[in-house]
Amino acid sequence: MTIMVKTKFLFRTSVLGFVLYALSACATVSQKGGTQKQSVEMGQELSPDARLYADYVSASYAYNLGDAKGRSNYYAKAFARRPQDLDLGRKAMAAAINNGEAALSRDLARDLIALEPTDGVARAVLGAQALAKGRYKKTISILDNVSAGIGVEDFNSAMRGWAQYGLGDTDAAITSFENLQGGRYFVFLGKLQRAIINMKLGNLEMAKKDFAEIDEVNLAPIESTLAQVRGLMLRGEKDKALAKLQKFADDNNGALTGPIREFMDVVESGKNRKWKLTPAQLASRAMTEPAFRYYGAKKQFHSAETFLRLALVLDPRNDKARLFLGGILEEVDRNDEALETYAKIGKLSEFSVSARLAEADILFGIDENDKAVAALKSIQASHPSRVTRGSLGRAYLIMEDYAQALPYYDALIVEMSEEELEKNPMPYYLRGVILERLERWQEAVADFEFVLKHQPDNAEALNYLGYTWVDKGVNLTKAFGMIEKAVELEPESGAIIDSLGWAHYKLGRYELARIKLEEAAERSPTSATIIDHLGDTYWQLGRKIEAGYQWQRAAGLDPTDEELAIIKVKLKGGLSASLADSGVDKVE
């Protein structure tokens, strides 16, 4: 597993203080050439225009820092100073929405509608809050005759449709869903809402036709399945509901965690569950999928966040929206807010496993490994599964604690059937890596060979086994062929090209090694291993100054402790010194 490390702001300057300092440092040059102190001088208040400018610049600066709270605060202040500025008001309302400030966003929405009665986003905010309270007539009146672009209008139509359903006007609701205008994705989203209504009305053939089309395009497979299960359970058709869930699980590696598994457990056990959702809850789910899967996938993160926030206004218990919101916040480097969002997903939620895994991913990325492992152990204790065991094993693997990692992969392999492992031999591959690091080489080879028997084109296994043979100086001809095949399969991989270069090096083909290692370094310029190998090769070619430069680079690129120790020896005495220190004959 690759943990993406995201840059964090290590300090936050007082935004207003920064701007006020900049303003107070300004002076106006008089016509006589002197300086005329302005009203921002110490002890005097800023002029109204200066205060407006300070708030606006502060909001922009907060936005650049990823400070949602500061951005909302300063845009709201700026709009209060210039209440007729429609664009400023829209910025203030958007900032309030994306800081989760429902009351402030409502007040700003009302102010905006006073300026522009057809503003679509403002009406979406008020419509969502009315629908959440079950005020269906008010929701419809708010969302009618709105001027909104594609996207906002589709979400407004979805809310309008479920409000119409809440009033019992199913024909109007279906018409609203059929009028979604955002393209093919939203056409099928509308069909999903129509199918849910027909399922509720007992129009099973019509619902079945829509669900089949939705499943064919893979629009929202989990939501489609759960919608059908809810309908079947409301009709008392438990066996059909369970069969539907089991088919999904069989098609998706068992559906080991998440809502499908939770629904299966509830249906099988006969536990009570509230199968009927309110119109607001249905509208919330209608907004959740496209917010993340459509706008998030297109990297339109501001829109994705806005719609997910509104989905949570409609249903504060919609943990899927909360999980997706955390993912969007991570994408825009607001990891502190993402952690706060994931923390709101409790242990009893069907999304608790996903939330804890996401938390651990962030914590590993900011080097809080102990907290990350604690989060994984917590979810393993409360929701033990292959997913949680595998995650803990990978965590220890990433931390290079191979002895701790090994038992998790041993257990995983014992738990999985032979058929499952043949289809997905990744646990064998990762255990092979662990065993190699623990110097249990023959056992590691057996694991890699199992992988290659069932996945002969697995580039990672070909590369790892081939590289290790090369590094040990054994089976060089076979290893070279394996690495060449891995390069053919993954021609853009710097790590695999490095293996080929290192194979040339081990065979004494230093010029060929240089060519490949320079190519690998170009593709992966931050890999300490690759840069270190390139330095060794330069040394062998007599380019000793360049070798020293590359070793110096490698030392600053987060090498392993073992690599760093060897690099320090080479920096002090050259390649010959490191070979002597390791007991290998000197190479001049």
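The values are calculated or read from the model by the stated rules, or taken from the named source; none is laboratory data. The model shown is predicted, which means the values in this text are computed figures rather than measured ones. Here the Cβ is made from the backbone with ideal geometry for all residues, glycine too, and neighbour counts use every protein chain on show.
Here is a yes/no grid of residues against (1) surrounded by 14 or more Cβ atoms within 10 Å (Cβ to Cβ); (2) within 20 Å of Arg509 (Cβ to Cβ); (3) at pLDDT 95 or above:
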{"site": "Arg431", "(1), (2), (3)": "yes, no, yes"}
{"site": "Tyr467", "(1), (2), (3)": "yes, yes, no"}
{"site": "Lys472", "(1), (2), (3)": "no, yes, no"}
{"site": "Val487", "(1), (2), (3)": "yes, yes, no"}
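Just one of the numbered conditions (1) charged (D, E, K, R); (2) at positive phi; (3) crowded, with 23+ Cβ neighbours inside 10 Å is not true of Arg309: (2).
Would you confirm, using the coordinates I've provided, whether Ser527 is among the hydroxyl-bearing types (Ser, Thr, Tyr), under 33 Å from the mean Cα position of the chain (by Cα) and either farther than 28 Å from Ala461 by Cβ or surrounded by 23 or more Cβ atoms within 10 Å (Cβ to Cβ) (or both)? So Ser527 fails the test. Of the residues in segment 409-418, at least one is over 31 Å from the mean Cα position of the chain (by Cα) and of a type outside the set (Ser, Thr, Tyr). Residue count for segment 104-134, restricted to those that are of a type outside the set (Val, Ile, Thr) and either outside any helix (DSSP H, G or I) or modelled with pLDDT under 90 (or both): 6. All of (1) outside any helix (DSSP H, G or I); (2) crowded, with 24+ Cβ neighbours inside 10 Å hold for Lys276 with one exception: (2).
For Ser378, the criteria (1) hydroxyl-bearing (Ser, Thr, Tyr); (2) surrounded by fewer than 16 Cβ atoms within 10 Å (Cβ to Cβ); (3) within 27 Å of Glu359 (Cα to Cα) hold in every case but one, which is (2). Can you spot a residue in segment 352-372 that is assigned to a helix (DSSP H, G or I), polar (S, T, N, Q) and closer than 22 Å to Asn99 by Cα? No, the conditions are met nowhere in segment 352-372.
State all residues of segment 192-211 that are under 17 Å from Ala286 (Cα atoms) and not β-branched (Val, Ile, Thr); if no residue qualifies, say none.
Let us first name the residues in segment 192-211 that are under 17 Å from Ala286 (Cα atoms), namely 192-200, 207, 210-211.
Passing the criteria: Leu192, Gln193, Arg194, Ala195, Asn198, Met199, Lys200, Ala207, Asp210, Phe211.
Looking across segment 247-273, the residues that are part of a helix (DSSP H, G or I), hydrophobic (A, V, I, L, M, F, W, C) and free of Cβ contacts under 8 Å to residues at least 24 places away in the same chain come down to Ala249, Met264, Val266.
Check whether at least one residue in segment 554-567 is small (Gly, Ala, Ser), farther than 19 Å from Glu460 by Cα, buried (at least 24 other Cβ atoms within 10 Å of the Cβ) and free of Cβ contacts under 8 Å to residues at least 60 places away in the same chain, and report yes or no.
First pass over segment 554-567, keeping only residues small (Gly, Ala, Ser): 554-556, 565.
Remaining after also requiring farther than 19 Å from Glu460 by Cα: 554-556, 565.
If we keep only those that are buried (at least 24 other Cβ atoms within 10 Å of the Cβ) as well, we get 554.
So of that shortlist, the ones also free of Cβ contacts under 8 Å to residues at least 60 places away in the same chain come out as 554.
Looking for residues that are small (Gly, Ala, Ser), farther than 19 Å from Glu460 by Cα, buried (at least 24 other Cβ atoms within 10 Å of the Cβ) and free of Cβ contacts under 8 Å to residues at least 60 places away in the same chain, one finds at least one in segment 554-567, hence yes.
Here's the yes/no breakdown for (1) under 26 Å from Ser499 (Cβ atoms); (2) modelled with pLDDT of 95 or more:
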{"site": "Gly365", "(1), (2)": "no, no"}
{"site": "Asp370", "(1), (2)": "no, no"}
{"site": "Leu376", "(1), (2)": "no, no"}
{"site": "Tyr396", "(1), (2)": "yes, no"}
{"site": "Met399", "(1), (2)": "yes, no"}
{"site": "Glu419", "(1), (2)": "no, no"}
{"site": "Val451", "(1), (2)": "yes, yes"}
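Conditions tested, residue by residue: (1) over 21 Å from Ala103 (Cα atoms); (2) touching a residue at least 40 places away in the same chain (Cβ under 8 Å); (3) under 10 Å from the mean Cα position of the chain (by Cα).
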site	(1), (2), (3)
Phe307	no, yes, no
Gly326	yes, no, yes
Leu339	yes, no, no
Ile345	yes, no, no
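Rundown of residues vs (1) farther than 18 Å from Ala283 by Cα; (2) in contact (Cβ under 8 Å) with a residue 60 or more places away in the chain; (3) surrounded by fewer than 21 Cβ atoms within 10 Å (Cβ to Cβ), yes/no style:
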position	(1), (2), (3)
Thr175	no, no, yes
Tyr185	no, yes, yes
Gly190	no, no, no
Ala220	no, yes, no
Glu223	no, yes, yes
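Note on segment 155-179: among residues that are more than 20 Å from Leu277 (Cβ to Cβ) and of a type outside the set (Ser, Thr, Tyr), the one that is modelled with the lowest pLDDT is Asn179.
Among all residue pairs at least 6 apart or on different chains, which show Cβ distances below 6 Å where the first residue, located in segment 472-488, is farther than 12 Å from Glu460 by Cα and the second is surrounded by 14 or more Cβ atoms within 10 Å (Cβ to Cβ)? These pairs meet every condition: Asn475/Trp469; Ala479/Gly466; Ala479/Trp469; Ala479/Val470; Phe480/Ala503. Of the residues making up segment 494-524, those that are buried (at least 24 other Cβ atoms within 10 Å of the Cβ) and on the phi > 0 side of the Ramachandran plot number 0. Being closer than 19 Å to Asn463 by Cβ, free of Cβ contacts under 8 Å to residues at least 60 places away in the same chain and over 33 Å from the mean Cα position of the chain (by Cα) holds for only one residue in Leu541, Leu517, Leu571, Leu507, and it is Leu507.
Return the total of residues in segment 514-534 being part of a helix (DSSP H, G or I), of a type in the set (Val, Ile, Thr) and farther than 22 Å from Trp469 by Cβ. Quick ask: steps written out before the conclusion?
Here is the first cut: in segment 514-534, the ones part of a helix (DSSP H, G or I) are 514-523, 528-534.
Still in the list and also of a type in the set (Val, Ile, Thr): 515, 529-531.
From the residues that got through so far, the ones that are farther than 22 Å from Trp469 by Cβ too are 531.
So the answer is 1.
Pick from Gly190, Gly168: which is out of contact with any Pro (no Cβ under 8 Å at 6 or more places or on another chain), more than 22 Å from Ile97 (Cβ to Cβ) and in a loop (DSSP other than H, G, I, E, B)?
Working: Gly190 fails: in a loop (DSSP other than H, G, I, E, B).
Answer to the selection: Gly168.
Scanning segment 475-513 for residues that are of a type in the set (Asp, Glu) and in a loop (DSSP other than H, G, I, E, B) yields a total of 2. Here is a check on your reading of the model: is Asn198 polar (S, T, N, Q) and at pLDDT below 90? No: the conditions fail for Asn198.
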